[in-house]
């Protein structure tokens, strides 16, 4: 009992504490996730701001290149002069309406710079790209342009910087007719041709990306320049190093699409004091071959304030433990008080046994004397005294047995005995009282052979069952006592024709201090421990005491005892 109470107490305390700890861990993880998501969102905003700066710089460069090509006469001499005067121009070219290169001409192919230009751009011309035609097609199929730009932004999984690999290419077009149709050039002083469209073309050569800015004229000729990538990168790096560039506690990088080549990085952390990238994005076109990444500093990760959560849950846990300890203290005190009371009752009951035995002995002697003197009235009075003394002795015996049971000291002492003899002896003691109250007592005994059991315990079981019949089954005026036996078990049945036990009470009737209350039994005295003691005694034998249904009303209690050893008298009688 004490072990079960301790385990129950631990369970009632440990489960809420474990649940609170689990909730605390979940809340902490949720707060950490929210803080991390907010932190990453801020970093992504910084990457977006850096990308905006790059886009602005590329827009200005586009405008400058548009103006440059507009102000340049499309002659061999003028186009050859552009790389010398413009740091962003590596080489210039001119295509006719069919996409065939006019400048540099075949006569210039022997020149070293022209040869190098043709070698670098060989894959562009072999791809068959038609800049003007591509722009015209893009006007009719804007979805293809969007798809082309998306493919460019996804180059991280497509690019291969090997010289032996097939280079990736992409063409970007600006909106057509974004400038006035006629513009007076400060250089030439003549009306400039209308620009149909302009844009970028990106391809890979050697160890990195290359770029061409092209411009389609109204006459469908294409003028373009190869961009000096070193100058372009320097321009972009200067912009990202300006005061308006986003600042970082870690490091922000602009790298190649695969992250292997770092073009530029800035931030407050050292290279050996940062973690792997936690956020990255491809640069907007036409710089989709590069990406922006953020490497956080080691101590930059957001930290959740755990103290309030721990304090709250810890306080709740301490309060729960305090309440549990208070409850344990009170329950322990109640249990201790109950045990003192049981001990007191046991002591008193034990002290009452001797005087009750003497009272019963002298009552029997006095009754015999009154019978010799033919004093019927005194004899009847003494019979009542003897019956009540016997009943009080049974109650005291039950109380003492129950006290032993509560202290886990209840035991049985099996010895060789006959179940029929024990049953007949107890029935003989109860028969006069039962018949005096109008009961018909019927005994059918078929277990005469001896086997090992505790006859005193079985007497107590039979006495408790017959006592219940006397108190609760008076309306039936009948009780049947029967014994049977087979190779393994002996069976004792006590059946009455009283009001019976309601179905809702059959599961709890063997519990201590449970009494059936109805109109018939109301006012009947009893402690409510007889059936509990009887079942416990039966189980100590390795047997059972059960309640069975009876057709037509009444109750039938069945005691089953195992036959562990047959002693004399031949083989046991089998059930019929």
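Here, each number is a calculation from the coordinates, and none is a lab measurement. Here the structure is a predicted model, which means the values were calculated and not measured. Cβ sites come from the backbone with ideal geometry, for glycine too, and all protein chains shown count toward neighbours.
Ranking of 323, 509 by neighbouring Cβ atoms within 10 Å, starting from the fewest: 323, 509.
Percentage of Cα-Cα pair distances in the stretch 411-567 greater than 25 Å, rounded to whole percent? Looking at the stretch 411-567, the distances longer than 25 Å represent 26 percent of pairs. Across the stretch 62-121, the convex hull enclosing all Cα atoms gives 101 Å³ per residue. With the simple model of a label 7 Å out from the Cα in the direction of the Cβ, residue 298 to residue 415 spans 8.5 nm. At the listed q of 0.22 Å⁻¹, the Debye profile of the stretch 432-503, built from one uniform point per Cα, gives log10 I(q)/I(0) equal to -1.02.
Residue order for 481, 501, fewest other beta carbons within 10 angstrom first, comes to 501, 481.
In whole percents, the pair-distance distribution calculated for the stretch 34-96 from its alpha-carbon pairs, binned every 10 Å from zero, is 18, 32, 18, 14, 12, 6, 0.
Ranked by how many other Cβ atoms sit within 10 Å of their own Cβ, fewest first, the residues 23, 494, 359, 222 fall in the order 23, 359, 494, 222.
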